[in-house]
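Novice: Before we start, here is the structure in question, set down as structure tokens.
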Amino acid sequence: MPRLLILYHSRTGGTAAMAQAAFEGAREEAGITVRLVRAQEAVADDLLAADAAIFACPENLAAMSGAMKEFFDRAYYPALGHIEGRPYALMVCAGSDGEGAARQIARIATGWRMKPVAEPLIICTHAQTPEAILAAKTISNDDLARCRDLGRMLAAGLFMGVF
């Protein structure tokens, strides 16, 4: 049975809601095993065991969150040479544009020779003040639907052998 890993980090709840929505969408596809794992708890074997992945994290200071970067630091060399061609997608919960975080993750996935199967899904919260940045995030139903669709699409493509 194909396995999809949704790996995420969230500090204020926005990315957690996005990852949960992608997880729910992916689980609608029969015949797929879907795992939702926090970056702090993930190990390289979680990625090695997956046939595809969705990476999700917040944008912090125009970059991916430190906890997500720390996972990539721990997993990069153990996974190198073992996950080429595997499909991936990424989601960023951004305060401004999210492009820096998306580029960083894409560069790491490129180093692994993974295959992007969707444009980065960047949800912008427009949090620009210290108070707004640190506040709990609420993601709109429309944006959560986009996350569910991404999870569903990746799971369906994986199941059908499209990726």
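Novice: Would you mind telling me which residue in L144, L121, L80 has the biggest mean-square fluctuation in a Gaussian network model of the chain, where springs connect alpha carbons within a distance under 10 angstrom?
Specialist: Maximum among the listed residues: L80.
Novice: Under the rule of at least 5 residues apart or a separate chain, name every residue whose amide H is placed under 5 Å from the amide H of C124.
Specialist: A94
Novice: Looking only at A79, A132, A94, which one moves most when the chain is put into a Gaussian network model with springs between Cα atoms under 10 Å?
Specialist: Between A79, A132, A94, it is A132 that shows the largest mean-square fluctuation.
Novice: With a 1.4 Å probe and all protein chains left in place, how much accessible area per residue does the chain have, in Å²?
Specialist: Values: 7760 Å² over 163 residues.
Heavy-atom SASA per residue in the chain reads 48 Å².
Novice: Right, another one. Keeping all protein chains in position, work out how much accessible area T138 exposes to a 1.4 Å probe, and write it in Å² to the nearest 10.
Specialist: Counting only protein heavy atoms, the figure is 130 Å².
Novice: Give the average over all directions of the projected area of the C-alpha convex hull of region 1-79, one decimal, in nm².
Specialist: Values: hull surface 20.2 nm².
Over every viewing direction, the Cα hull of region 1-79 projects on average to 5.1 nm².
Novice: Given an 8 Å cut-off on Cα distances and at least 6 residues of separation, report the relative contact order of the chain as a percent. Mind dumping the intermediate values first?
Specialist: Numbers: 335 pairs, mean separation 50.1, N = 163.
Over the chain, the number comes to 31 percent.
Novice: Follow-up question, since we're still on this one. Give, rounded to the nearest 20 debye, the magnitude of the charge dipole that the chain has about its Cα centre when Lys and Arg contribute +1 at Cβ and Asp and Glu contribute -1 at Cβ.
Specialist: Working: 16 positive and 18 negative charges, 51 e Å.
In total the dipole reaches around 240 debye.
Novice: For the chain, take the convex hull of the Cα atoms, compute a quarter of its surface area, and give me that in nm², please. Working shown, then result.
Specialist: Numbers: hull surface 32.8 nm².
Mean projected area for the chain: 8.2 nm², to one decimal.
Novice: Counting only the heavy atoms of the protein chains, how much of R152 is accessible to a 1.4 Å probe, in Å² to the nearest 10?
Specialist: Accessible area of R152: about 80 Å².
Novice: Another question, if that's okay. Can you pull the one-decimal nm distance between simple spin-label points at E131 and E24, each 7 Å off the Cα toward Cβ?
Specialist: 3.0
Novice: For region 61-143, just run the numbers: alpha carbon Rg, then divide by 2.2 N^0.38 Å, N being how many residues it has. Walk me through the intermediate numbers first.
Specialist: Values: Rg = 14.3 Å, N = 83, 2.2 N^0.38 = 11.8 Å.
Against the empirical 2.2 N^0.38 Å value, I get 1.22 for region 61-143.
Novice: Read phi for every residue in region 78-84 and hand back ³J(HN,Hα) as whole Hz from Karplus 6.51 cos²θ - 1.76 cosθ + 1.60, θ = phi - 60°, with x for Gly and Pro.
Specialist: Each residue of region 78-84 in turn: x, 8, 4, x, 10, 10, 4 Hz.
Novice: Over the chain, with a Gaussian network built from C-alpha contacts below 10 Å, which listed residue (R148, R107, R38) shows the highest mean-square fluctuation?
Specialist: R107
The values are calculated or read from the model by the stated rules, or taken from the named source; none is laboratory data. Bear in mind the structure is a predicted one, so any value in this text is a computation, not a measurement. Don't worry about glycine lacking a Cβ; one is built from the backbone with ideal geometry, like all the others, and counts go over all protein chains shown. In case anyone asks, the SASA skips ligands and DNA or RNA and just uses the protein heavy atoms, side chains included. Shrake-Rupley method; radii C 1.70, N 1.55, O 1.52, S 1.80 Å.
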